[in-house]
Structures are given as C-alpha cells and as structure tokens.
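> Encoded as structure tokens, here's the structure I'll be asking about.
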2 protein chains.
Amino acid sequence: MSTRSELARVELLRARFASTAGAEAVTVGIGDDAAVLSVAGDGELVWTVDAQVDGTHFRTDWVSWADVGWRSFMAAASDLAAMGARPVAALSSLILAAEVDDGALEALAAGQAEAAAELRAPIVGGNLARGRETSITTTLVGRARTPVLRSGARPGDGLWLAGPLGLARAGLALVAKPGGVAALEEGAAACVQAWRRPIARLRDGQELPGRASACIDVSDGLARDAWQLAVASGVMLVLEEAALLAAGGAALSSGARALGLTPLELALVGGEDYALLAASPVPLSGFVRVGRVEEHTGGGRLFTATALGVVPLEPRGFDHFA
Amino acid sequence: MSTRSELARVELLRARFASTAGAEAVTVGIGDDAAVLSVAGDGELVWTVDAQVDGTHFRTDWVSWADVGWRSFMAAASDLAAMGARPVAALSSLILAAEVDDGALEALAAGQAEAAAELRAPIVGGNLARGRETSITTTLVGRARTPVLRSGARPGDGLWLAGPLGLARAGLALVAKPGGVAALEEGAAACVQAWRRPIARLRDGQELPGRASACIDVSDGLARDAWQLAVASGVMLVLEEAALLAAGGAALSSGARALGLTPLELALVGGEDYALLAASPVPLSGFVRVGRVEEHTGGGRLFTATALGVVPLEPRGFDHFA
C-alpha cells in the first residue's frame, strides 16, 4: 500500500481528469486556486452538489472504487437532468481515509473520469483532504434556457417517468447479501448493474424545458420524491399501479422477488436509479405516463391508484436522520 | 440531544440561510434539485470548493460549531479572493455524525450564515448526508473580469502580502494546549481569534485584476504556497526576512514565542490565516512588499533573504498525505 504526498496526488488527479477536459467553456482547470469558466450568452446557471459517504452510500466490500467514482458523479449530475440543464463542468472534493492508497485513488478517479466523459462534464478542479472516513463530494454547474423546477405541477398534468424503478434498490440488496452475486436469478444482474452504474438522464432532461411543468429526480425513493414534488407544487399526485408495473417490467418483478416485496412496494421505495419524474400536460419523448396531477383538497398529497381503489401513500424512502 | 428528520433539517437550514439571500443573481435557492443563478454579462465565472474535516482541520473541543461554520466558509471564499473574484453565491454540503444534534447544526449553520453575510455570498443550496465523521464542504461561484492566476509572476515583480502571517498557526497551538486560553500572554488572544475567525480577503483581492501578475492564498503555509506560485510561474521567489517580520509585527513575535519558534519560522510555516501573496510590478493598495521575483536559474524555487545571506527554502507546510 503506497500513498503519495498531497501534491503528487493532485498531479495524479490532474493527469487522470485531463481526458475529461476540452470543453470550450473551461478557461482554467485543475492547478490554480479556483477553476475559471466562460459562460457568456443566454440561459441560467444551474448548480448542484452531492456527497457519497463510505458506510452510508456504499461499502467498498460491495463495490469497486471505480464504481464508487462513477456512482458519485452520476448522483450529482442527476440533479442537473431534473432541471433540464446541460452540464458545463464539475469539481471533485475528496476526503480520503488511510485505506485509500494510490491504487484505490487511481481507480476512484478513473470511475469519476469515465462518468464525466460519458456526460461531457469535464472535472476542472476540486479539493483533497484527509479524514477517517472517505467521501466524494461532486459539484456540477450546468446551463438551462428555462430550468424546470419542482414547484410547477398543475392539476390536469400527467405524471411521466424516464428510467428504471426499484432496480438499484434491489441491486444494493443483492450485492449486500452474503454469498454475493453468484446466486442471482434471471434479471437480477440488471439490478446490480443499475446500482453500480446508474446513469444520469441528461438527454431525457432535455425534453423538459418548454414542455414539463415540474420535475424531480428519483434518488431517495419514488414515494418520497413524488411527495416532495407534490408539496412544492401544492398539488396531489396519483401514481397508477398498472402503469408503474408496466414501466418497471420484468426487472422490477425479479428485483421485488429477491427482496420479498411486491413489485409496487419496490417501485415506491426504490431510489438511486436516478429516474426522472415529471409533470407535464403533454407527452414527453422517452418518458412513460405513470400517473396524474390533481387538485390538492386537503386529503393528502400522494396516492396510488390500484385495482382496489385510490390508496393514500406516506412519503417513505431514505432519510439520512430518520 | 435531539435530531430531526432530514427534511426537517433541510427546513432548519433553509430558514437559517434565508438571511444570507437577496443577491440579484439568485433565481432559485434552497429547496429544489439545484440552485439557479443568472450570470448574464461580462466576466468569467470563478469556481472553487473546500472541505473542513472534524479531526483534521478542527476539533470540537477546541472550537465552537459556530466557529467551525465561519472558518469553513472563509477557507473556501479565500480562493475567490486570490483570483480577484467577487462571490456570487455558495452551496454547503454537510456530512454530519451522530453527535451533531439539532443544536450543534443550528450553531454550525449560524456560523456559516454569519460568514456568508459578511462576504455577501448567499448560501443558495447544498446537500445533507449522515456519516461517522463530520465535514463541511463549501463551494462558491464568483465573477471576475480578469481572474488572476498563480502562473503569471515575472522576474522583476515585487512580492506583496495582504493579511496576517503565522497568527492562525499560533492560535491553533494555543487552543490545543492543555490549560486552554486562560494562560495566554499579551498578543496571543489575537492569534486565537485569527484561527477561530479568519477573514477571506475579498476586498484586497479586488486590487489584483489589471495590476498583479499572479496571486495565491496562504492556506497551507507561506513557504509551501509561495513555492507553488514559483513553480506555476516558472520563476524563483525571494522572501525578505526583515519585510516579513515587519509585516507580522508584534503578534507574530508573540505567537512565535508561544510556539518556541523564531518569528521567521512561524511566518514561513503558518497557514490558515488566508493572507494573499501576490506578484506585481506595481504597489497594491492594502498590501506590503515582502520580497521579489527573480529568474529561475535551476538553483531552487524559493529563498529567504536574511542578514546572513540568501538561504534556500523547502516547500514546508501542511500536506494531507505526507
């Protein structure tokens, strides 16, 4: 196990992230006090930050350092997708525990660089610090002509979904299960892949501006994130069971079986797929309709429409401090 | 000890940071997937991130949570000062261990908000996560018509300093000393204050564009940071002892006595004062001259000129992985 000095590690990262550079907007990249971007022209700046913490969001006996780097980058970029923004650039702030030797750091940075290249979001700077617990904090700047907020959903809109439902949650349970992935049944490999290598849906996000009235990315569980959109918009949302199950397909059923849940339960509690949930009066290319927006009459914010009727839902999902 | 849910904690932060808002540029603040800024017009975007980690950068038995919040914000903002930028807005990403109860979080956020108000850099969003180790990661966006880099110093320039030298390092040693601050000698209180409540020198930074050829903020120790500027610019730097001691004044001498160092040693190894070190062919208002830029002839990057002659220096200072 070898660990270079801080300056040598900055050089390692500069070399690794160089392949992600080349965006016109980047005037100064890694190596100065701050990065410099040229963002002249129309449109608003959309800006987000996300952290992934060892022991909270991942465990390195479940996942490779390269996967950790990829996941952390995609989780942050997903917020830009939900706003209908295109990424301009990213900064990576790493807190590294002693067990992250140079090889682990190389792999982590390679995963970040791979995700950054996939999304055309160059990593132009960051920070390095030592800690007892490793975390990866990624901040991204993007542009959007008309950012799409959580707060614009209106009664009469449809609810539209792009991306998988519940797969990552099932994948996490599978990689965390003693015995690992050798015992997977059919379809479960897709769940593991969904957790290890999620994709921020930036292309789908480009469908939103000018069409969708509101959007949120599904990171903490569909029920929880839909509830947040409902509260922000002052509306009631009805998720339609049949449409959700059709959207989830065989992979959702397979994942649910592995977890001992019904497919609907898994669809509602699953997060980290980084699907997009949008409200829109018109169809959105690449999205499927999974529900509707209704007026909020005081009887709750979120419902599922099942064969047995319309059932109120709690905002279940992941809460860091619950 | 009470800890609210994640959503309630987001509300706590939204309320606490509301007082920092009001900048024209902020279109969407806390509560959506991302913040939205309007940055039309001239100038480049300057963007930085910095993390402060419990046990690495501070210990909560040495410093209040409010001070931790203040220090973390100022440390990040200092990078903007060194580029000659004005802040537009900030995001705060918190990883909170179980011991950070709601009272501690309130105090931490109050310190961040106080610093943000001082610098007119509203906190417009962020992230909350749970961890075993607390850290505060702050990212700031600023604007600068002509950002000042580390790489522009030229032979013949003077070296100019704005801000204290070595005080924070002495202050840290004093707060960490068993017996605490009761035993302080004269001048040492200023050292403790320098460590607890550093100030990012944004106003001094506004002197740089169009005048200075290069700048760096002194966060890891003057010798280390000056060495980085020398390498980036491809020049040799000579720090002049008499000028450094005059710049440090009585507080530097007092701090050095408390640490058992000479004032010059303390000036060279001290960081976290967030002074600015600039190279400039012309005087800079608010700065004092502390040395000169010479051609690099292969004989080293950094020297001090003392009464005994010109002595080569190593890039000593804080290294996270040394």
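The values are calculated or read from the model by the stated rules, or taken from the named source; none is laboratory data. On a predicted model such as this, the values are computed, not experimentally measured, just so you know. No Cβ is skipped: glycine too gets one built from the backbone with ideal geometry, and neighbour counts run over all protein chains shown. Keep in mind that these areas ignore ligands, DNA and RNA; they rest on the heavy atoms of the full protein, side chains included. Shrake-Rupley method; radii C 1.70, N 1.55, O 1.52, S 1.80 Å.
> Whether any residue in the range A:161-178 is touching a residue at least 12 places away in the same chain (Cβ under 8 Å), within 14 Å of chain B (Cβ to nearest Cβ) and in contact with a strand residue (DSSP E or B) (Cβ under 6 Å, 6 or more places away or on another chain) is what I want to check. Explain how you work it out, then say what you get.
Within the range A:161-178, the subset touching a residue at least 12 places away in the same chain (Cβ under 8 Å) is A:161-176.
Add one more test, that the residue is within 14 Å of chain B (Cβ to nearest Cβ), and what stays is none.
Within the range A:161-178 (the criterion being touching a residue at least 12 places away in the same chain (Cβ under 8 Å), within 14 Å of chain B (Cβ to nearest Cβ) and in contact with a strand residue (DSSP E or B) (Cβ under 6 Å, 6 or more places away or on another chain)), the answer is no, since none of the residues qualifies.
> Next question. Which one of these does A:F17 not meet: (1) touching a strand residue (DSSP E or B) at 6+ places or on another chain (Cβ under 8 Å); (2) assigned to a loop (DSSP other than H, G, I, E, B); (3) closer than 29 Å to A:E133 by Cα?
A:F17 satisfies all of (1) touching a strand residue (DSSP E or B) at 6+ places or on another chain (Cβ under 8 Å); (2) assigned to a loop (DSSP other than H, G, I, E, B); (3) closer than 29 Å to A:E133 by Cα except (2).
> In the set B:T48, B:T60, B:T27, B:T3, which member is open to solvent by 30 Å² or more (accessible area, probe 1.4 Å) and in a strand (DSSP E or B)?
Working: B:T48 fails: open to solvent by 30 Å² or more (accessible area, probe 1.4 Å); B:T60 fails: in a strand (DSSP E or B); B:T3 fails: in a strand (DSSP E or B).
After ruling out the rest, the residue left standing is B:T27.
> Turning to a different aspect of this structure: Could we say that A:A278 is open to solvent by 10 Å² or more (accessible area, probe 1.4 Å), out of contact with any Gly (no Cβ under 7 Å at 6 or more places or on another chain) and either over 23 Å from A:A170 (Cα atoms) or not aromatic (F, W, Y) (or both) here? Walk me through how you get there before you give the answer.
On the way: open to solvent by 10 Å² or more (accessible area, probe 1.4 Å): no; out of contact with any Gly (no Cβ under 7 Å at 6 or more places or on another chain): yes; either over 23 Å from A:A170 (Cα atoms) or not aromatic (F, W, Y) (or both): yes.
No; evaluated as a whole, the condition is false for this residue.
> What is the number of the single condition among (1) free of Cβ contacts under 8 Å to residues at least 24 places away in the same chain; (2) at the interface with chain B (Cβ under 7 Å from one of its Cβ atoms) that A:D61 does not meet?
Condition (2) is where A:D61 drops out.
> So, of the residues in the range B:78-96 that are small (G, A, S) and part of a strand (DSSP E or B), which turns out to be nearest to the other protein chains (Cβ to nearest Cβ)?
Selected residue: B:S93.
> In this structure, does A:R150 turn out to be open to solvent by 40 Å² or more (accessible area, probe 1.4 Å) and either of a type in the set (K, R) or at pLDDT below 90 (or both)? Even if it seems obvious, please write down each step before you answer.
Numbers: open to solvent by 40 Å² or more (accessible area, probe 1.4 Å): no; either of a type in the set (K, R) or at pLDDT below 90 (or both): yes.
No, not satisfied.
> Now for a separate question. Does A:V100 qualify as being touching a Phe, Trp or Tyr at 6+ places or on another chain (Cβ under 8 Å) and within 14 Å of chain B (Cβ to nearest Cβ)?
On the way: touching a Phe, Trp or Tyr at 6+ places or on another chain (Cβ under 8 Å): yes; within 14 Å of chain B (Cβ to nearest Cβ): yes.
The answer is yes for A:V100.
> Which condition breaks for B:V231 when tested against (1) open to solvent by 60 Å² or more (accessible area, probe 1.4 Å); (2) modelled with pLDDT under 95; (3) more than 30 Å from B:G43 (Cβ to Cβ)?
Only one criterion is unmet by B:V231, namely (3).
> Okay, next question. Which ones in the range B:102-116 are touching a Ser or Thr at 6+ places or on another chain (Cβ under 7 Å) and at pLDDT 95 or above?
The first filter runs over the range B:102-116 and keeps only residues touching a Ser or Thr at 6+ places or on another chain (Cβ under 7 Å), leaving B:102, B:107, B:112-113, B:116.
If the condition is that a residue be touching a Ser or Thr at 6+ places or on another chain (Cβ under 7 Å) and at pLDDT 95 or above, then B:A107, B:Q112, B:A113, B:A116 are the ones that fit.
> A follow-up question, please. Residues of the range A:105-134 being part of a loop (DSSP other than H, G, I, E, B), at the interface with another protein chain (Cβ under 7 Å from one of its Cβ atoms) and buried (at least 23 other Cβ atoms within 10 Å of the Cβ), which ones? Before you say what the answer is, go through the steps one by one.
Restricting attention to the range A:105-134, the residues satisfying the condition of being part of a loop (DSSP other than H, G, I, E, B) are A:120-122, A:131-134.
Pick out the ones that are also at the interface with another protein chain (Cβ under 7 Å from one of its Cβ atoms) and you get A:131-133.
If the condition is that a residue be part of a loop (DSSP other than H, G, I, E, B), at the interface with another protein chain (Cβ under 7 Å from one of its Cβ atoms) and buried (at least 23 other Cβ atoms within 10 Å of the Cβ), then A:G131 is the only one that fits.
> State which residue is most open to solvent (accessible area, probe 1.4 Å) when the search covers only the range A:72-104 and only residues that are among the charged types (D, E, K, R) and either free of Cβ contacts under 8 Å to residues at least 12 places away in the same chain or under 22 Å from A:V39 (Cα atoms) (or both). Outline the logic, then answer.
Our first condition is that a residue be among the charged types (D, E, K, R); within the range A:72-104, this holds for A:79, A:86, A:99, A:101-102.
When the remaining residues are screened for being either free of Cβ contacts under 8 Å to residues at least 12 places away in the same chain or under 22 Å from A:V39 (Cα atoms) (or both), the result is A:79, A:86.
Details: A:D79: 20, A:R86: 146 Å².
Going through the qualifying residues, I end up with A:R86.
> Looking at B:A246, is it surrounded by fewer than 20 Cβ atoms within 10 Å (Cβ to Cβ) and either at pLDDT 95 or above or among the aliphatic types (A, V, I, L, M) (or both)?
Working: surrounded by fewer than 20 Cβ atoms within 10 Å (Cβ to Cβ): yes; either at pLDDT 95 or above or among the aliphatic types (A, V, I, L, M) (or both): yes.
Judged against the criteria, B:A246 is a match.
> List the pairs whose first member sits in the range A:36-48 and is more than 7 Å from every other protein chain (Cβ to nearest Cβ), whose second member is open to solvent by less than 10 Å² (accessible area, probe 1.4 Å) and not polar (S, T, N, Q), and whose Cβ atoms are under 9 Å apart, counting only residues at least 6 apart or on separate chains?
A:G43/A:A85; A:G43/A:A144
> Then there is this: Taking the range B:270-322, which residues are without any contact (Cβ under 8 Å) to a residue 12 or more places away in the chain, in a strand (DSSP E or B) and either of a type outside the set (A, V, I, L, M, F, W, C) or under 17 Å from B:S233 (Cβ atoms) (or both)? Step through it out loud before you land on a result.
Just the residues of the range B:270-322 that are without any contact (Cβ under 8 Å) to a residue 12 or more places away in the chain, to begin with: B:298, B:308-309, B:311, B:321-322.
Cutting the leftovers down to in a strand (DSSP E or B) gives us B:309, B:311.
Hit for the range B:270-322 is B:G309, nothing else.
> In addition: Of A:R143, A:R132, A:R211, A:R203, which residue is modelled with pLDDT under 95 and among the charged types (D, E, K, R)?
On the way: A:R132 fails: modelled with pLDDT under 95; A:R211 fails: modelled with pLDDT under 95; A:R203 fails: modelled with pLDDT under 95.
After ruling out the rest, the residue left standing is A:R143.
> Further, regarding this structure: Go through the range A:135-150 residue by residue and tally those that are facing another protein chain (nearest Cβ under 7 Å) and closer than 22 Å to B:V53 by Cβ.
Going through the range A:135-150, the residues facing another protein chain (nearest Cβ under 7 Å) turn out to be A:135, A:137, A:139, A:141, A:147, A:149-150.
Next cut, closer than 22 Å to B:V53 by Cβ only: A:135, A:137, A:139.
Selection size over the range A:135-150: 3.
> Could you list, in sequence order, the residues of the range B:287-300 that are in contact with a helix residue (DSSP H, G or I) (Cβ under 7 Å, 6 or more places away or on another chain) and open to solvent by 60 Å² or more (accessible area, probe 1.4 Å)?
If the condition is that a residue be in contact with a helix residue (DSSP H, G or I) (Cβ under 7 Å, 6 or more places away or on another chain) and open to solvent by 60 Å² or more (accessible area, probe 1.4 Å), then B:V288, B:R289 are the ones that fit.
> Name the single residue, out of those in the range B:64-77 being under 12 Å from the mean Cα position of the chain (by Cα) and over 29 Å from A:R143 (Cα atoms), that is nearest to the other protein chains (Cβ to nearest Cβ).
My answer is B:R71.
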